[in-house]
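Everything on this sheet refers to the single structure shown next.
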Amino acid sequence: MDLFLIIVGVILIILGFLFCILPVLPGQALSYVSLLLLQFTDKKPFTDNFLFLMAFIMIAVTALDYIVPIIGTKKFGGTKRGTRGSMIGLIIGIIVLPIMGITIGPFGILGILLGPFLGAYIAESTGGRNSKESLRAAFGSFIGFLAGTMMKIVYSAVAAFYFFSYL
């Protein structure tokens, strides 16, 4: 049974990293579940405090992942319209473009990267802002998206480190 849990845990670690970049499922949550699976083995390598701390950090990273792009857009001069456009662009980049068969790159990664940028730019431009202001807000949205992705990757890397350290 331990071998099965370890194999599933390794798969979840790999999927966790993948889904940190492709926001299909929360990758950081999958990485956390891998730690829980390891806890169900005969070794029981983690303390309850450690698992609660990792759960708290995972929840915080998940929340920040939604907040950071908004902060990035606002920091770079974006409006609520630009923030909403960024979110709509992300949804279009993730869901609509692959359904329409418009996927450039592996898994439509270009849509995921450019969706928030273009969404913020179009929303700001159609809201009466000039091209320079719109571009600046779109850049802030893109930086926020990258920062959120990096937080998830770092969390998943820490979870992977602890997972493989206690095998």
Notebook entry, point to check: Could you put Tyr66, Tyr162, Tyr32 in order, starting from the residue whose Cβ has the fewest other Cβ atoms within 10 Å?
Noted result: Tyr66, Tyr162, Tyr32
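Please tell me the relative contact order of the chain in percent, rounded to the nearest whole number, where contacts are Cα pairs under 8 Å and at least six residues apart.
Numbers: 259 pairs, mean separation 46.6, N = 167.
Taking the mean separation of contacting Cα pairs over the length of the chain, I get 28 percent.
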Margin query: At 30 angstrom or more along the helix axis (alpha-carbon based) and mean Kyte-Doolittle of 0.5 or higher, what helices does the chain contain? Whole DSSP H runs only.
Written below: 48-75, 131-165
Checklist line | Label of the coordinate-derived value, Rg/Rh (Cα atoms, Kirkwood Rh), listed as (1) 1.09; (2) 1.06; (3) 1.20 | finding: (1)
Next item on the list: Decide, for the range 10-89, between rounded, prolate and oblate: order the square roots of the alpha carbon gyration tensor eigenvalues as a ≥ b ≥ c, take rounded if a/c falls under 1.5, and otherwise choose prolate if a/b is larger than b/c, else oblate.
Entry: prolate
Check: What ranking, highest mean first, results for peptides 11-20, 124-133 when packing means the other Cβ atoms within 10 Å averaged over each residue?
Finding: 11-20, 124-133
Check: Quick one: length gained pulling Ser131 to Ala55 fully straight, 0.36 nm per residue minus the C-alpha distance?
Finding: 23.1 nm
Item checked: Magnitude of the charge dipole, the range 2-165, Cβ model with Lys/Arg +1 and Asp/Glu -1, debye to 20 -> 680
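Counting only pairs 8 or more residues apart or on different chains, how many lysine pairs in the chain have their Cα atoms under 23 Å apart?
Details: Lys74/Lys132; Lys74/Lys152; Lys75/Lys132; Lys75/Lys152; Lys80/Lys132.
Value for the chain: 5.
A short reminder: the numbers here are calculations on the coordinates, not readings from a lab. Because the structure is predicted, anything quoted here is derived from the model rather than measured. Quick reminder, even Gly has a Cβ in these numbers, built from the backbone with ideal geometry, and neighbours come from all protein chains shown.
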